[in-house]
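The next block holds one structure in the form of structure tokens; read it before the comments.
Taken together, the values in this text are just the output of simple stated rules run on the coordinates, not laboratory data. Model, not experiment: these values are computed from the prediction. Glycine also receives a Cβ, built like all others from the backbone with ideal geometry; neighbour counts cover every protein chain displayed.
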Amino acid sequence: MISDPESVRRGESSPDAGGRARVLASFGLLLLFGLLTWQVSVDGAVRRADERLARAVEGSRLPTGAAEFLADLGNIAVAVPVLAVVAAYVAWRARRAALPRWWLPPLAALVTMAAVPLLVVPLKEAVGRTGPPGMAGDGYYPSGHTATAAVAYGAAVLLLLPWLRNRYLRRELTIACLLLVAAVSFGLVRRGYHWPLDVVGSWFLSAVLLLGLATFLTRTRNRTRTSSSTATQPK
């Protein structure tokens, strides 16, 4: 169940040991994103294989209505309010627990969400990939719906994890988020709204944003532990 993070207030948890690994992972993801963007921009074997895969997914047995529902979970009107509610809840719990800078983690998550269109829109215009058959215009890479879903739901999970005592719940929440983003991605391809590499590119880009948010949140919690530990030491 969700409860006040007593370990944060008492400074019992160990410092972040994965910050360097997250930085290296971010560089790796950016490299993969660059390579993928290059392949999408040229008429090569990877792009042709992507288009063949799209036709195979569109021929799957998932009903059109179900695919539409999954794709809609990546709409701004659906995903962003979920993050907003979680951010408000976490801010309330942190303030109730008298944590210093209680507003900072929710604000960081919302800023990360705001960065999505600032990155995706220029990339769409720069690459100018045309959409699947039946979709007008260009600007389909990377997928905005996929990035919105990944960052909104992923950031919500990152905010909630420190407030979960049960390791099983933490794991299941993370798995549920991954499955949800995968479902949105599949729905977008199944309905013919995007090519598969459009959503894969958004996975890489979103992962970089979430790794940056995770690093910031971890450092913020570490500073909070240090401040709380210093304040409670006898003088």
At the level of C-alpha centres, the distance separating the stretch 25-68 and the stretch 111-153, in angstrom, is 13
Averaged over all viewing directions, the convex hull of the alpha carbons in the stretch 38-102 casts a projected area in nm² of 8.1
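Rounded to the nearest 20 Debye, what is the dipole magnitude of the chain about its Cα centre when Lys and Arg each give +1 and Asp and Glu each give -1 at the C-beta? Could you put the intermediate results ahead of the total?
On the way: 26 positive and 14 negative charges, 225 e Å.
That gives a dipole near 1080 debye.
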Along principal axes, largest first, the alpha-carbon spread of the stretch 107-235 in whole Å comes out as 71, 31, 16
Computed over the chain: longest principal axis from alpha-carbon atoms vs helix 19-41 long axis, angle to nearest 10 degrees, is 10
Least to most buried among ARG96, ARG61, ARG191, by other C-beta atoms within 10 Å and fewest first, runs ARG61, ARG96, ARG191
Log10 I(q)/I(0) at q = 0.14, 0.16, 0.17 Å⁻¹ for the stretch 11-121, from Debye over equal alpha-carbon scatterers, is -0.98, -1.12, -1.16
Here the relative contact order (percent) of the chain, from C-alpha pairs under 8 Å and at least 6 apart, is 38
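By counting other Cβ atoms within 10 Å of each Cβ, how are TYR168, TYR140 ranked from fewest to most?
Numbers: TYR168 8, TYR140 22.
Ranking TYR168, TYR140 by Cβ neighbours within 10 Å, fewest first, gives TYR168, TYR140.
What shape does the chain have by the C-alpha gyration tensor, where a ≥ b ≥ c are the square roots of the eigenvalues, rounded means a/c under 1.5, and otherwise prolate means a/b greater than b/c and oblate the rest?
Prolate, because a/c is 1.5 or more and a/b exceeds b/c.
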